[in-house]
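Q: Here you go, one structure.
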Ligand code: ADP
Ligand code: MG
């Protein structure tokens, strides 16, 4: 079953055709990675999914609902969640307080306390639970943001470059977090440039090039595709 589908999605910025007739399907229960060279249109496509941009034409279906014209917060109410979005991190509060604030929208009392502890444990934030969120290292902050993003138990978790700026060890740990969330039933779409991460987590990979879906397949199929290798030649990843 499709969790998310776009039908002939287009976005123009003036004369630039940045999202070009994208018909994309994200199967429920999968981890799907979106890759592509710098300027391919990955972030623009992501913003269309979130509702931060309006498409020039086309349609977006999420879990059977046409969300094309819904605002970002309405998409979140439908079960979409994105790291860095709602709710943001409060730098001047502790890690534990941040999770409490996020989770109190769904839980209370002993259930809330238990879920805070479970997330601290799961995200390896136990040792820093009473530290101010603003003082966390880059990697730990990313994991807290994932914790905030999953606090409402979304059906779909959207991650835009979740491992940017991370060490290989932190990248691997992020992959394990994503795989565990998926094992618990969450569908994940990640824009990612780190191919070790893509190999670790992706059930399916889509390659964007000049705003179009250029190739799709498993990680093994994508890395074996000479056409895909060719579009990366001479390009640095973003
Ligand atoms: P990626 O995330 O794959 O690097 P982007 O979606 O950020 O690609 O950008 C794709 C193209 O669209 C680039 O040429 C970029 O300059 C252009 N673009 C992105 N956002 C805007 C905008 N708000 N206005 C005009 N052009 C934009
Ligand atoms: Mg981008």
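Q: Out of the strands (runs of 3 or more DSSP E) lying entirely within region 12-120, which hold 1 or more residues that are surrounded by 15 or more Cβ atoms within 10 Å (Cβ to Cβ), more than 16 Å from ligand 2 (Cβ to nearest atom) and without any contact (Cβ under 8 Å) to a residue 24 or more places away in the chain?
A: In region 12-120, 16-27 are the strands (runs of 3 or more DSSP E) which contain 1 or more residues that are surrounded by 15 or more Cβ atoms within 10 Å (Cβ to Cβ), more than 16 Å from ligand 2 (Cβ to nearest atom) and without any contact (Cβ under 8 Å) to a residue 24 or more places away in the chain.
Q: Can you tell me which residue among 189, 208, 159 is within 16 Å of ligand 1 (Cβ to nearest atom) and modelled with pLDDT under 95?
A: Working: 189 fails: modelled with pLDDT under 95; 208 fails: modelled with pLDDT under 95.
None of the others qualify; the one that does is 159.
Q: Here are some residues: 6, 19. Which one is closer than 17 Å to residue 66 by Cα and within 19 Å of the chain's Cα centre (by Cα)?
A: 6
Q: Same structure again: Would you point out the residue of region 142-155, among those that are touching a helix residue (DSSP H, G or I) at 6+ places or on another chain (Cβ under 9 Å) and over 16 Å from residue 176 (Cα atoms), that is surrounded by the fewest Cβ atoms within 10 Å (Cβ to Cβ)?
A: 152
Q: Okay, moving on. Restricting to region 205-238, name every residue that is part of a helix (DSSP H, G or I) and in contact with a strand residue (DSSP E or B) (Cβ under 6 Å, 6 or more places away or on another chain).
A: 219, 222, 228, 231, listed by residue number.
The values are calculated or read from the model by the stated rules, or taken from the named source; none is laboratory data. It should be emphasised that the depicted structure is a prediction, and the values quoted were computed from it without experimental measurement. Glycine also receives a Cβ, built like all others from the backbone with ideal geometry; neighbour counts cover every protein chain displayed.
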